[in-house]
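The values are calculated or read from the model by the stated rules, or taken from the named source; none is laboratory data. All of these numbers come straight from a predicted model, not from anything done at the bench. Reconstructed Cβ throughout: ideal geometry from the backbone, glycine too, with neighbour counts over all protein chains shown. These accessible areas exclude ligands, DNA and RNA; they are computed on the full protein's heavy atoms, side chains included. Shrake-Rupley method; radii C 1.70, N 1.55, O 1.52, S 1.80 Å.
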Amino acid sequence: MRAMVLEKSRAPLLMRERPTPAPAAGEILVEVAACGVCRTDLHVVDGELPNPKLPLIPGHEIVGRVAVLGAEVAGLAVGERIGVPWLGYTCGVCSYCRSGRENLCDRPLFTGYTRDGGYATHALADARYCFPLPERRDDAEIAPFLCAGLIGWRSYRMAGAQGQGGYAEGASPDALGLYGFGAAAHILAQIAAWQGRRVYAFTRRGDTAAQVFAKSLGAVWAGGSDEMPPESLDAAIIFAPVGALVPLALKAVKKGGRVVCGGIHMSDIPSFPYRLLWEERHVVSVANLTRADAREFLDVVPQAGVKTEVTRYPLAAANDALADLREGRLQGAAVLIP
């Protein structure tokens, strides 16, 4: 198999030839058809997330087909199209797992971070953490659903949007702000607009292309992240890894409003006056995802008619894709094609 490998943090990925691994009990070998390039991959490659498995094959938005079934795998078949997400394993016995909060597991493994991922022609995955995918969607177009979509959905639920799981609290966010209009926001904006919510998109100052893009996907307003929207927001979700956006978002939400930090990494949050938090405003973070989130989100996608904007790169150009993401040159999501 061929793979783009991170051999040390803050260094370019290197193309390597490796023996194709055999799945252990409970695992499957996936022939990768597409793998999305996520901002979390950047955080891993750039050394912003601690203790990655090294050497490491990044990538956790994997679309592919089951090539080999390991022993004791049930419910999947060779040739079946599946998706592999960020959450790659949980212990099943800690207090979080036993209370339905496997996203907070004490001993998890993460695809493309603490176990090898999908920047390759093949990948191993725990069969319990793979999801059957419909045949009617293009491989590259569906890849961003496996993290950008899932984290966007969990963030949306944490912002107060009601779903089947029932963990969201507070009033439904009729006016919703999205800070950072990248892969996650461009998916979530379509769902929120489909549900009749007023979506306000916040981009880098002067990024008129991203603002036009946001409006084309249903946003009623788009402007710079330093601007105030024309109405107070019920909730705001911050996808950009910029801590300085937290006080700005708090200023934009109304009394009782909620600010959700949707990323796994963010720069330091600057100090801000207590009056921005007062009047029962909330700041919360989102950690990982659950398999229930994935099933719920993948059910909603076809109902909402969600489309993804993707830029395709050959596997060997993974460093170019990461650079384009790092420098803000992408609209929508980047996807690697082996």
(message) Can you pull out every residue in the stretch 9-55 that is of a type in the set (Lys, Arg) and over 23 Å from the mean Cα position of the chain (by Cα)?
(response) Arg16, Arg18
(message) List the strands (runs of 3 or more DSSP E) inside the stretch 52-115, counting only whole elements, that have at least 1 residues being closer than 19 Å to Gly36 by Cβ and touching a Gly at 6+ places or on another chain (Cβ under 6 Å).
(response) 62-69
(message) Whether any residue in the stretch 205-220 is basic (Lys, Arg), within 28 Å of Val45 (Cα to Cα) and under 20 Å from the mean Cα position of the chain (by Cα) is what I want to check.
(response) no
(request) Residues that are out of contact with any strand residue (DSSP E or B) (no Cβ under 7 Å at 6 or more places or on another chain): find the strands (runs of 3 or more DSSP E) completely inside the stretch 247-338 holding 2 or more of those. (result) 253-261
(message) Going by what's in this entry, would Arg137 be described as without any contact (Cβ under 8 Å) to a residue 40 or more places away in the chain and under 26 Å from Ala316 (Cβ atoms)?
(response) yes
(message) List the residue pairs whose Cβ atoms are under 7 Å apart, where the first residue sits in the stretch 269-298 and is touching a residue at least 12 places away in the same chain (Cβ under 8 Å) and more than 12 Å from Lys251 (Cα to Cα), the second is surrounded by 12 or more Cβ atoms within 10 Å (Cβ to Cβ) and among the hydroxyl-bearing types (Ser, Thr, Tyr), and the two are 6 or more positions apart or on different chains.
(response) Val286/Ser155; Arg291/Tyr129
(message) Conditions first: (1) farther than 20 Å from Asp139 by Cα; (2) in contact with a Lys or Arg (Cβ under 6 Å, 6 or more places away or on another chain). Arg115 passes all but one, so which condition is the exception?
(response) (2)
(request) Could you tell me which residue of the stretch 247-267 is modelled with the lowest pLDDT, considering only residues that are among the small types (Gly, Ala, Ser) and under 26 Å from Cys147 (Cα atoms)? (result) Gly263
(request) Determine if the stretch 291-309 includes at least one residue that is hydroxyl-bearing (Ser, Thr, Tyr), within 17 Å of the chain's Cα centre (by Cα) and within 24 Å of Tyr119 (Cβ to Cβ). (result) yes
(request) Out of Pro314, Pro338, Pro270, report the one residue that is open to solvent by 20 Å² or more (accessible area, probe 1.4 Å), touching a Ser or Thr at 6+ places or on another chain (Cβ under 7 Å) and modelled with pLDDT of 95 or more. (result) Pro338
(request) Answer yes or no: is there a residue in the stretch 35-47 that is closer than 25 Å to Ala240 by Cα, assigned to a strand (DSSP E or B), in contact with an Asp or Glu (Cβ under 7 Å, 6 or more places away or on another chain) and modelled with pLDDT of 95 or more. (result) yes
(request) Could you tell me which residue of the stretch 273-311 is surrounded by the most Cβ atoms within 10 Å (Cβ to Cβ), considering only residues that are of a type in the set (Phe, Trp, Tyr) and out of contact with any Gly (no Cβ under 7 Å at 6 or more places or on another chain)? (result) Trp278
(message) Can you tell me which residue is least open to solvent (accessible area, probe 1.4 Å) among those in the stretch 106-115 that are in contact (Cβ under 8 Å) with a residue 60 or more places away in the chain and not charged (D, E, K, R)?
(response) Gly112
(message) Just to verify a result, which residue in the stretch 116-145, among those that are part of a helix (DSSP H, G or I) and open to solvent by 30 Å² or more (accessible area, probe 1.4 Å), is nearest to Ala334 (Cα to Cα)?
(response) Glu141
(request) Considering only the stretch 86-122, state which residues are in contact with a His (Cβ under 6 Å, 6 or more places away or on another chain) and not small (Gly, Ala, Ser). (result) Trp86, Thr111
